[in-house]
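The values are calculated or read from the model by the stated rules, or taken from the named source; none is laboratory data. Please read all numbers here as calculations on a predicted model, not as lab measurements. A quick note on method: Cβ atoms are made from the backbone with ideal geometry, for glycine too, and the neighbour counts reach across all protein chains shown.
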Amino acid sequence: MQKERKKLIINYQSVSPELMEAIRKKYPLGWVNHTMKIKTSGNSFFFAITVDTEEASYLIKVPVKIDNKSEKDDEDFFEETADVKESGDGFAEEEEQETEKEE
């Protein structure tokens with residue numbers, strides 16, 4: 001009969017050096033692409049990774065930067081840049097000025 005592991009939830013800042021080594025072994029290229037979104041009560045959530053040791057299964061809360069940029073921000077940016085005068089490929093005027101200087 002196999003011994004049942006404890007199930008623990010901890011913060012990334014509280015990780016011991018031994019557990020950090022287990023994280024490095026499981027995610028040698030980094031854990032950023034392996035995060036899971038864990039929903040809690042209400043509309044709350046956090047992001048986590050999993051790591052198993054002989055003693056326990058860990059759910060480790062990790063810090064994740066969320067891009068809050070909205071589509072409205074993109075629209076504002078493109079409206080501002082649309083006012084810039086375009087001259088075809090942008091090189092025609094420069095070429096004309098250079099040829100005038102040479103003559």
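General observations
- Within the stretch 5-31, residues that are touching a residue at least 12 places away in the same chain (Cβ under 8 Å) reach partners that are among the polar types (S, T, N, Q) and not in a loop (DSSP other than H, G, I, E, B) with beta carbons closer than 9 Å, at six or more positions or on different chains, in the pairs R5/S57; K6/S57; K7/S57; L8/S57; K26/T50; Y27/N33.
- Count - residues of the stretch 17-44 that are within 11 Å of I60 (Cβ to Cβ) and either touching a Cys at 6+ places or on another chain (Cβ under 6 Å) or of a type in the set (S, T, N, Q) (or both): 1
- Verdict on V62 being hydrophobic (A, V, I, L, M, F, W, C) and at pLDDT 70 or above: yes
- Condition met for D74 (surrounded by fewer than 10 Cβ atoms within 10 Å (Cβ to Cβ) and at pLDDT below 90): no
- Of all residues making up the stretch 32-56, the number that are surrounded by 10 or more Cβ atoms within 10 Å (Cβ to Cβ) and either out of contact with any strand residue (DSSP E or B) (no Cβ under 9 Å at 6 or more places or on another chain) or without any contact (Cβ under 8 Å) to a residue 40 or more places away in the chain (or both): 13
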